[in-house]
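Please treat every number below as a calculation from the coordinates, not as lab data. Predicted model only: the values in this text are computed from it and were never measured. Cβ atoms come from the backbone with ideal geometry, glycine included; neighbour counts cover every protein chain shown.
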Amino acid sequence: MSLKHPAERGETGRRGFFDRLAQRASYFSSSPLFFILCVALVLAWLAGYVFGAGDAYEQAIGTALTAVTLLLVALLKNAELRSEAAIQHKLDALATGMLEAIRNEGQQADPMLERAIGLDEEL
């Protein structure tokens, strides 16, 4: 078990089993089939109220809805963190490129840019 950011788990350029599973589940949860399954689950819950199903039925459907919700929250958080890391990586590359271009032209870079990307000591 790892408590690291999803982008920092495993080897560089290689994702772990959970991350691959989360990616596939994320793709599935955004598909029309998953939407239809969710609608069917909600309709089954609603039918329990309309037709006076027993408490056990309502509890089972409620538990299924809760489980699906919890899994979706976990998937969304994983996808959010991976997306955030990818965007940050791209922004870092753009800022580094800007700083190098400014310095190659012989101009003084904005100190805020240098501090923001943390390269003022490296370059």
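Could you give the C-alpha radius of gyration of region 15-117 expressed as a fraction of 2.2 N^0.38 Å, taking N as the number of residues it contains?
1.86
DSSP loop trypsin sites (Lys or Arg not before Pro) in region 13-95 with at most 12 other Cβ atoms within 10 Å of their Cβ, which ones?
On the way: sites: R14, R15, R20, R24, K77, R82, K90; in loops: R14, R15.
Listed in order of number, the matching sites are R14.
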